[in-house]
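Input: a single structure, listed below in structure tokens.
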Amino acid sequence: MWLFVLAPLFAGVLCLALRDLRRQVALSVVACLFAGGGLIGLWTGVLTDAGAELVLPGARFALSAQGIGLLLAGFALLLWLASLLFSLSWFQPHQDNSRYMLLLGATCTGILITFLGADFLTLFLGFELMSLASWGLVIHTQKEDAYSAGGLYLYLGMGGGLLLLTSLALLYYYTGSFAFDARFPETAPVAAIALLMLAGFGVKAGMVPVHIWLPEAHPAAPVPASALLSGILIKTGAYGVLRTLGLAASVPAVLQNLGLTVLLLGIITMTFGVVMALLQHEAKRMLAFHSISQMGYILTGLGVAAFLGAQGGEGLVGGVYHMLNHSVFKALLFLTAGAVYLHAHHLHMYKLGGMYRILPFTFAFALVAAMGITGFPGLNGFASKTIIHHGLVTAVQALPRLAWTEKVFTVVSAGTVCSFIKFIWFIFAGEPKEEVTPPRYTPATWMMVAGMGLLALAVIALGVFPNFVSEKVLVPALGGLEALGAGHFHAHIYSGHSLLDIGKAFALGAVIFVAGVRWHLFHISLPQWLSMRYWGQLVVQGAEASLTGTERGWDRLMAALDSKLERWEHAGEELLQQMDCRPRSRLERAMSIINLNFDTMLVMAVLGLILLLYFPLASLFA
Amino acid sequence: MNVLILIAVALPVLGAVAVWLPSLRRAPLVAPLLTAVLVALAVAGLKLMPGGGETSTWWQVAPGLSIAFRADEAAWLFAMLAAALWVPATAYANSYMAHHRHKVRRFFTFFTLSLTATMGIALSANFFTLYLFYELLTFVTWPLVIHNETPGARRAGRIYLIYSLAGAAVVLAAMVATWWVAGTLDFTPGGLLAGASPAVIRLTVILLTLGFGVKAAVMPLHAWLPAAMVAPTPVSALLHAVAVVNAGCFGLLRTFYSVVGSAALEAAALSTSLLALASITIIIGSIFALRQDLLKRRLAYSTVSQLGYITLGVFSGSPGLLLGSLMHFVNHGLMKITLFFCAGAIITRTGIEHISKMEGIGRRMPWVMGAFTLAALGMVGIIPINGFQSKWFLFQGALTAGRPEVIVILLASALLNAFYFFPIIGAAFFKGEEKWQSEGLSSALIWTPVLTAALCIVFGLIPSLLHPFAAETVQSLIN
């Protein structure tokens, strides 16, 4: 099984030896199909789990091909395939892209290990590999803003990894295992462990307030990589949060509070993301903020599940369903934005227009994805958002003080609708505002279309049979998480109520859009001091300034000391020379005191000191 | 008299003489390498053959004062590490000196003599022997520091001598104090000072910390280490990442647990302040490293900081932290020697010494920078490289010892490590427009770092290569 998981990485390493992009992609696609076939084989039971455990003397890394992890791993491979196909047109064929292919493969392997890890240690292994490799993807373009975004991403990721490591150390110390369902003794600080994990995974999940890397890093990467990053990589964070909640499930008091925390963080995250997204004019940045917002939905669902415990089936299934859904439509949206970029060479939404004539396929795919993400009935977003909404309503019934969250949920859905009306309207509809080169249909273009088509198919497939997906696929895959409500779920997605709710959101979204265009609300720029980044930069600058100051002071002090010492040394040498009798013969000169340089003098002085020390000490201990 | 110990300690002297054999044209290159291999085999044999743990006395200087050796667990751990790394380091030095032809014979004489000093420190059976070889180490490495004979090198050599000799003098004072109180200097499990008054124990502990702390680069006493970076890179790699600094740490370990003893250490009640000292070293060392542009100097400050991990465990007196620090003792040696090898290879091949000029170096020297990246990731503590092992055991030790504040220090240090290593990796692979090319693995300048980097991963993936030996050592030091 490790063979399947490591296949993308090996393919990436082999790509170093190939110079031609088409061959590199072909090799990677073969690896992808190999891994995918292997996973399907394991899922259907054709292949046995042999080699799932990598047992080394003193260490054990285990994979398990079952449940929700396997499902997410399958989606990771799907996204990798789509982004590989898209890479064919994104990069120049004769440019050297071996670094990119290696990093993409390594990221994919990291994601697979994270999802398929049978315990927290293996999960952590994949998580770190993924963090590092994806850092390379973020800075691959070698542009100034990519470096700054990459730095933020890397250091926040490292910090998150360290928090995770700390929580693992605590987990192992108190339970002696890394299992997902480890049992805690009475004395264990379960809440602290869970919060550390939540923070560590939250960084990757784009959870407010540790989301700041996401809107910088995702647009900075090459588009096919952004699709992978925004599509599936951030899901590893959500998956980690799910595992954290599963771990805490054995302590119900902690679980409920933790659930409430995640729920509230989710609501804040979704609101923040959508508000910021509405204010963007660059399409990729807007999509990145929507990733934050949609992660908020997922976190809300998971929070509901943990808050309601065994009754929280709707939150759990809805959250996980939304993880799958968001991975495909967000990747698809990034790829369509990339396709537009290939022809227009920029993504400033207010300057584009009329692309539906030039890029009809892309327009169709973008429409499918936008309908998916906004929750248009019949597509996948509608199903998962409705289930999460039902879960939230149940949570409100349990704790009426949360009533406002349900209203916020509707407003955020409306904001999403508005945002994607903007996306479709400004980029694809109307007349072109500038000259755009129409595409030449080469094999590479068809590959790109195929990549996007795969994802569009997934969006539709996940949406057409929501009852089947949620009840027959997700619920069995969530086996083992009964404490979060996996056993307590019945799908009733298409009802008058839910259609009415989404209708309200669409109407409100349209109203916001019209009002926004009318009064130029989308061009408001928020003051700088509102951003976390601003304060972070202040702190870094302050630290730098104080360090430089201290260093300068220290240097000055040392220089002063140095010159003093040198003067003493000179004086000492002169004194020695004066004492010297200046002998004539060579032998005498060799023996003269002048040849005893300062070092030797020092040795003698130290030896003298030792002798001096010896006698007082001797008397001291007598 | 144990033959293997005789080979380990005395053979390098012969090797150093053989460097001057006029009849052999390649003697300066062959003799040190052969010596290193034989010594490594002998040390490995000490573990395999029965009776390795017996004391063999060479020379009774005075009643109670003898030059004696014994290969117990702690001794073997240090001796094996140093002897094993001496082999690639010598191969590397051969290639390095082939490029920088300057008094090759003199260089290899002292290089090989350093092995004697290191083995003597590692295998010593009493404080007197330890002290003698500790002094010897200073004298035989000093010519290596000033090897380039530039004014800067001479100045660095002077600083090195001042610090080291002053430190050794303090060690001597501690030795005298021990002799006075205990009447013997033989290392014994459980220590010699168990019954002494707390004031005496405290005095001894402080003297030992000051004395061995010089070579272990405990913070206010660290200044010689960055200065000594003017030495040729093989020297920096071996002596200032493995042999000399680890000799300081080993001296602390040996004297704290076999002379003072863990019970007496507890009675002295100094561990909190000593831990604070180590923590300051860890953090401030990292901050200094952050601000260096010369690669070797950055690595030197990184060494200062990482040695803090080792002294932390030694100072704590708790078995868990000591286990972690012994793991780091070996792991840090492996990682740091890799980093220095890489720095030397870059300097030799391209003449670049400054980090700010390393843009695109990774594409010109992918093997070397690949090895550098692995070792640097290990320094940050990324799973599955061996640095992760040390950090993991230190974490567990901190929890067992009830000192969670240590974890905070280690986390901060790991993040600082990331701050000063990742910009190098980023610049090497993600800046500039160089074309990919391979530098060829045939030169020892290139394959030695690749080899040690591979060892970093092997040790990281297979904890049982190291953990049992470290655990055994802790067992023998703290009952």
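Coordinate-derived values only; no laboratory data. Predicted model only: the values in this text are computed from it and were never measured. Neighbour counts are summed over all protein chains in view; Cβ atoms, including those assigned to glycine, are modelled from backbone coordinates with ideal geometry.
The equivalent ellipsoid of segment A:527-579 has semi-axes of 50, 5, 4 Å, largest first, where each one is the square root of 5 times an eigenvalue of the Cα gyration tensor.
Here segment B:89-161 is treated with +1 on each Lys and Arg Cβ and -1 on each Asp and Glu Cβ, and its dipole about the Cα centre works out to around 320 debye.
Across segment B:270-479, the convex hull enclosing all Cα atoms gives 103 Å³ per residue. Between the Cα long axis of helix A:67-90 and the first principal axis of chain A there is an angle of about 90°, rounded to the nearest 10.
Computed about its Cα centre, the charge dipole of chain B is approximately 1240 debye, with only Lys, Arg, Asp and Glu carrying charge at their Cβ.
Given Cα pairs under 8 Å that are at least 6 residues apart, what percent is the relative contact order of segment A:2-526? Relative contact order, segment A:2-526: 15 percent.
Shape verdict for segment B:77-173, please, from the Cα gyration tensor: rounded (a/c under 1.5), prolate (a/b greater than b/c) or oblate. Since a/c reaches 1.5 but b/c is at least a/b, the shape of segment B:77-173 is classed as oblate. When the charge dipole of the protein assembly as shown is built from unit charges on Cβ atoms (+1 for Lys and Arg, -1 for Asp and Glu) and taken about the Cα centre, the candidate among A:Val469, B:Ala428, A:Ser83 whose Cα reaches farthest toward its positive end is B:Ala428. Since only A:Leu63, A:Phe34, A:Val511 are under comparison, the one whose Cα sits farthest along the positive direction of the charge dipole of segment A:2-526, derived from C-beta charges on Lys, Arg, Asp and Glu, is A:Val511. Each Lys and Arg Cβ is given +1 and each Asp and Glu Cβ -1; about its Cα centre, the protein assembly as shown then shows a dipole of about 1760 debye. Of the residues A:Met1, A:Leu347, A:Leu575, the one whose Cα sits farthest towards the positive end of the charge dipole of chain A is A:Leu347 (charges of +1 on Lys and Arg Cβ, -1 on Asp and Glu Cβ, taken about the Cα centre). Extending 7 Å from Cα along the Cβ direction at A:Leu538 and again at B:Gln60 yields two label points whose distance is 7.6 nm.
Using alpha carbon coordinates only, what is the Rg to Rh ratio of segment A:436-568, with Rh defined as the Kirkwood radius?
1.32
Between helix A:144-175 and chain A there is an angle of about 90 degrees, using the helix long axis and the longest principal axis of the Cα atoms.
Calculated mean residue ellipticity, 222 nm, chain B: -24500 deg cm²/dmol, from DSSP H runs (n ≥ 4) at -39500 (n - 2.57) each, averaged per residue and rounded to 500.
Need one number: the % of Cα-Cα pairs in segment A:407-456 sitting beyond the 16 Å mark. Within segment A:407-456, distances greater than 16 Å cover 66 percent of Cα pairs.
Can you pull a Stokes-Einstein diffusion coefficient for chain B at 4 °C (1.567 mPa s), Rh from Kirkwood over Cα pairs, as a whole number of µm²/s? Result for D is 59 µm²/s. Ranked by the mean number of other Cβ atoms within 10 Å of their residues, highest first, the peptides B:407-420, A:105-118 come out as A:105-118, B:407-420. Loop exposure criterion: trypsin sites (Lys or Arg not before Pro), DSSP state outside H, G, I, E and B, at most 15 other Cβ atoms within 10 Å. Applied to chain B, the longest stretch between such sites is B:104-290.
The helix-only estimate of mean residue ellipticity at 222 nm for chain A, built from DSSP H runs of length n ≥ 4 each weighted as -39500 (n - 2.57), is -25000 deg cm²/dmol after division by the residue total. Ordering of A:169-179, A:316-326 by packing is A:316-326, A:169-179, highest average first (other Cβ atoms within 10 Å, averaged per residue). To the nearest ten degrees, helix A:21-44 and the longest principal axis of the Cα atoms of chain A are 70 degrees apart.
In terms of Cα atoms, the Rg and Dmax of segment A:272-333 work out to 13.3, 43 Å.
In segment B:141-222, inverting the average of 1/r over every pair of distinct C-alpha atoms gives 14.3 Å as the Kirkwood radius. Taking N as the residue count of the protein assembly as shown, its C-alpha radius of gyration divided by 2.2 N^0.38 Å amounts to 1.04.
Relative to the 2.2 N^0.38 Å rule of thumb, segment B:271-365 has a C-alpha radius of gyration ratio of 1.27.
Taking the centroid of alpha carbons for each part, segment A:478-552 and segment A:47-86 are 31 Å apart. Look at the stretch A:158-171: the mean tally of other chain Cβ atoms within 10 Å of its residues' Cβ atoms is 5.
The Cα-based radius of gyration and maximum Cα-Cα distance (Dmax) for segment B:11-82 are 15.4, 46 Å.
In units of the compact-protein estimate 2.2 N^0.38 Å, segment A:27-184 shows a Cα radius of gyration of 1.16.
Per residue of B:202-209, other chain Cβ atoms within 10 Å of the residue Cβ number 1 on average. First check a/c for chain A, with a ≥ b ≥ c the square roots of the eigenvalues of its C-alpha gyration tensor; if it is under 1.5, answer rounded, and if not, answer prolate when a/b is larger than b/c or oblate otherwise. Prolate, since a/c reaches 1.5 and a/b exceeds b/c.
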